[in-house]
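Each remark here refers to the structure printed beneath this line.
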Amino acid sequence: MNQKSNRHFAITGGIGSGKSFVCQQLEARGIRVYDCDQAAKRLMRTDEKLQHNLCQLVGEELYKDHVLQKHILAEYLLTSEANKQAVNNIIHPAVAQDFLCSGYEWLESAILFESGFNKRVVFDTIVCVVAPRATRLQRIMQRDGISEERAAEWIDCQMSQEEMEQSSDFVINNDGQADLNRQLDQLLSFMNT
């Protein structure tokens, strides 16, 4: 059983910045990182209270034989910004609570600020992973097999990289040129001061 930690660290960054790669590098150093996206998917599959609350909001047809009907959820989310916010107001607190009970110190969230996660959990350090726009576009296009125009739309619908940087305590440049290991050493040293 993990002893619960009182220290919490968050890693964020826009799509294509390479935050998942940075998390893999941390894990190679023995630091476990809680993945908010994976946790949300798991909780939507397994947490009965969360399922009940979503059904109350969206409709009983959202789950068929305890299986999430993704197309129904997607249709509901796309109908309005208010619907999206209402779903987020159910899922994000559940993920925050799950993280706090997990024994993990580190968390990865692409939408740390937009989701208000940074207000639900007190983080000792927030790390923002950044990369030039052209690099991010290239990574997204390559990873998802989409056009530059579509990749740009994904970047533009998120909080700007500059805003994330300003709200963070530490920035890691993941442009493919800068020495990532040196920056991680600096980060870990920064956290222990």
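Where a number appears in this text, it was derived from the coordinates with a stated rule and is not lab data. Worth saying up front: this structure is predicted, and the values here are computed from it rather than measured. Backbone-built Cβ (ideal geometry, glycine too); neighbour counts: all protein chains shown.
Taking every DSSP beta bridge that has both residues in the chain, what percent is antiparallel when rounded to the nearest 5?
Taking every DSSP beta bridge within the chain, about 10 percent pair in antiparallel fashion.
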*Identify which of 121, 67, 22 has the largest mean-square fluctuation in a Gaussian network model of the chain, with springs joining Cα atoms closer than 10 Å.*
67
*Computed FRET efficiency, Cβ-Cβ of residue 101 and residue 188, R0 30 Å: what is it to the nearest 0.05?*
0.75
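Given the Cα-Cα distance of residue 61 and residue 144 and 0.36 nm per residue of separation, how much length would full extension add, in nm?
Once the chain is fully extended between residue 61 and residue 144, it gains 26.8 nm.
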*Pairs of Lys in the chain closer than 24 Å at Cα, counting only those 8 or more apart or on different chains*: 17
*According to the square roots a ≥ b ≥ c of the eigenvalues of the Cα gyration tensor, what is the shape class of the chain, taking rounded for a/c under 1.5, prolate for a/b larger than b/c otherwise, and oblate for the remainder?*
oblate
*For the peptides 81-91, 183-193, 130-140, what is the packing order when you average, over each peptide's residues, the other Cβ atoms within 10 Å and list the highest mean first?*
130-140, 81-91, 183-193
